[in-house]
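The values are calculated or read from the model by the stated rules, or taken from the named source; none is laboratory data. Owing to the predicted nature of the structure, the values given are computational and were not obtained by experimental measurement. Here Cβ is always computed from backbone atoms with ideal geometry, including for glycine, and neighbour counts include all displayed protein chains. Accessible surface areas use protein heavy atoms only, side chains included; no ligands, DNA or RNA. Shrake-Rupley method; radii C 1.70, N 1.55, O 1.52, S 1.80 Å.
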Amino acid sequence: MITGQLGRAFQLAEKHKLDVNTILELTKIIAKEVNGTQKIEEKILLQMIQILENNKTILREAT
């Protein structure tokens, strides 16, 4: 069973149809740059995922 940060990355990747490595890299970048609480970092991660989803939708509509 996968738990912790990796498990969360798999959940988010499946839910948002993103690569697990993308989620893990975003998590690392946010942790390094923000250096905040886990709750704040999670909120930022979810906002970044939403931006990626919006960009994918815009690109699909443009082509």
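Out of the residues in the stretch 1-33 that are open to solvent by 80 Å² or more (accessible area, probe 1.4 Å) and outside any helix (DSSP H, G or I), state the one that is modelled with the highest pLDDT.
Top of the filtered list is Asp19.
Screening Leu59 with (1) surrounded by 11 or more Cβ atoms within 10 Å (Cβ to Cβ); (2) assigned to a helix (DSSP H, G or I); (3) at pLDDT below 95 gives one miss only, at (1).
Scanning the stretch 34-46 for residues that are farther than 26 Å from Thr57 by Cα and surrounded by 14 or more Cβ atoms within 10 Å (Cβ to Cβ) returns no hits. Return yes or no: is Gly36 of a type in the set (Gly, Ala, Ser) and part of a helix (DSSP H, G or I)? It is false that Gly36 is of a type in the set (Gly, Ala, Ser) and part of a helix (DSSP H, G or I).
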